[in-house]
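First up is the structure itself, then whatever we jot down about it.
None of the figures in this text is laboratory data; all of them are computed from the coordinates on show. Keep in mind that this is a model prediction, so the values were computed, not measured. Methodologically, a virtual Cβ is constructed for each residue, glycine included, from the backbone with ideal geometry; neighbour enumeration extends over all protein chains shown.
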Amino acid sequence: MDSEISPAGRQLIAMQHGVISTRQAARAGITDIRKMLRRDAWQRLHQGVYATFPGTPDREAELWAALLRAGPDAVLCLQTAAERHGLLSQPSEAIHIAVGRTDDPARNGKIPGVVIHRSDALVRARHPALTPPCTRVEDTVLDLIKTSGSIDQAYDWICRAIGRRRTTAERIGETLRERKRFPDREEIELALGDASDGVLSILERRYVRGVERAHGLPEAVRQRKVRGGGKKYFLDNLYDKYMLCVELDGTTAHPADEQWRDKRRDRANLAAARIVTIRIGYLDVCDQSHRCQTAAEVAAILSGRGPVVGNSCGAGSCPLPGRRPLSRHSAASRP
């Protein structure tokens, strides 16, 4: 059979990880697929789509089979595209595929193991080079944001894409502006602004909005790169003028098995530079009364190392005095 396949056909099969459609097979000079199936040399993966090998298909072959079944213009999207861009550590349970509004990938609208999504912007959203074909990382992030159940989930996708250096907040913002309709656009634009400033975890965003901005504290430098002990590392929030570092102990940014290493690093390196480090956790920034108390503690340390800072957020139990004036961050200071 291999001798009957054109060189271009063999190259196509190799590129598609051993998977081919009926139409492609005919163009490659393969005239008797049924013979190969009877010999168990090939196997049917979907209607009109075959693996040119026996045994269990790998993930690449599964994706190609689903795409070939869905149609020539189909692309991977949502969680499956996120998988391809390295935003997910495990394969998505279902294969998510986008097709054109008028495409008909299956007569009954269903392909086993595949979720079909319809789009008017496949040409623009399609990545120009990646195979199997999928949506660009910026479009993938925005698609996932639209399906998120909360702003925290949406922000997590932004942080993953930027933190793993797959894209930038600016590029996601440019793609967002290309979309005429997008739910909660203003909130997502504010979130992208936070990410652009180096706020790269949900916990850090809650600190910035609910503790720092809401209580009129100075703006820290985010993700400040420093060197110590012959290594470089990043500080979550560094108040340079005050020699104070605020680190966020969240399981995403700081897994439990790394936190003791972080604490040793603080003592060994930051103490030598006379930088005071405080570490705060989830409850310190997520509960209203805890946020106010955290702000008061940070304000006390900052005020002891420079000019007095900090204002009440307006909550009745807030221990800080006064009320800060409105600023450009006022509307965005809610956690």
Practice problem: May I ask for the distance between the Cα centers of region 1-53 and region 170-197, given as a whole number of Å? | Solution: 44 Å
Practice problem: For residue 317 and residue 232, compute 0.36 nm times the residue count separating them, minus their Cα-Cα distance, and round to one decimal in nm. | Solution: 26.6 nm
Quiz item: Ranked highest first by the average count of other Cβ atoms within 10 Å around their residues, in what order do 76-89, 295-308, 186-199, 117-130 fall?
Solution: 76-89, 186-199, 295-308, 117-130
Quiz prompt | Sites matching chymotrypsin sites (Phe, Trp or Tyr not before Pro) across region 1-94 that sit in DSSP coil, with at most 10 neighbouring C-beta atoms within 10 Å | solution = none
Exercise. Evaluate the distance, in nm, between pseudo-label points positioned 7 Å from the Cα of residue 60 and of residue 120 along their respective Cα→Cβ axes.
Key: 3.7 nm
Quiz prompt | Spatially proximal lysines relative to residue 146 (Cα-Cα < 28 Å; intrachain offsets below 8 disregarded) | solution = 110, 180
Quiz item: So which helices of the chain fit the span-like rule, where a helix is a whole DSSP H run, its Cα atoms reach 20 Å or more along the axis, and its mean Kyte-Doolittle is at least -1.0?
Solution: 288-303
Quiz prompt | Cα-based Rg of region 1-160 normalised by 2.2 N^0.38 Å, two decimals | solution = 1.12
Quiz item: For the chain, with the dipole built from +1 on Lys and Arg beta-carbon atoms and -1 on Asp and Glu ones, taken about the Cα centre, which of 302, 48, 117 lies farthest toward the positive end?
Solution: 302
Quiz item: Rounded to whole Å and sorted largest first, what semi-axes of the equivalent ellipsoid does the C-alpha gyration tensor of region 59-125 yield via the square root of 5 times each eigenvalue?
Solution: 19, 14, 9
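If you average over every viewing direction, what projected area does the convex hull of the Cα atoms of region 137-196 give, in nm²?
Average projection, Cα convex hull of region 137-196: 3.4 nm².
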Exercise. Mind pulling the per residue volume of the convex hull built on the Cα atoms of region 2-58? Å³ is fine.
Key: 72 Å³
Practice problem: Could you check the simple spin-label distance between residue 11 and residue 131, using points 7 Å along Cα→Cβ, in nm with one decimal? | Solution: 1.0 nm
Quiz item: Tell me which lysines have Cα within less than 20 Å of residue 231's Cα, excluding those fewer than 8 residues away on the same chain?
Solution: 263
Self-check item: Spin-label model distance (nm) - residue 303 vs residue 103, 7 Å beyond Cα toward Cβ
Solution: 6.1 nm
Practice problem: Sort by residue number and name the cysteines in the chain that have no neighbouring cysteine Cβ under 4.7 Å. | Solution: 77, 134, 159, 245, 286, 313
Practice problem: Find how much the distance from residue 180 to residue 150 grows on full extension, using 0.36 nm per residue of separation minus their present alpha carbon separation; answer in nm with one decimal. | Solution: 8.7 nm
Exercise. May I have the pair-distance distribution P(r) for the chain, computed from all Cα-Cα distances with 10 Å bins from 0 and rounded to whole percent?
Key: 5, 21, 23, 18, 14, 10, 6, 2, 0
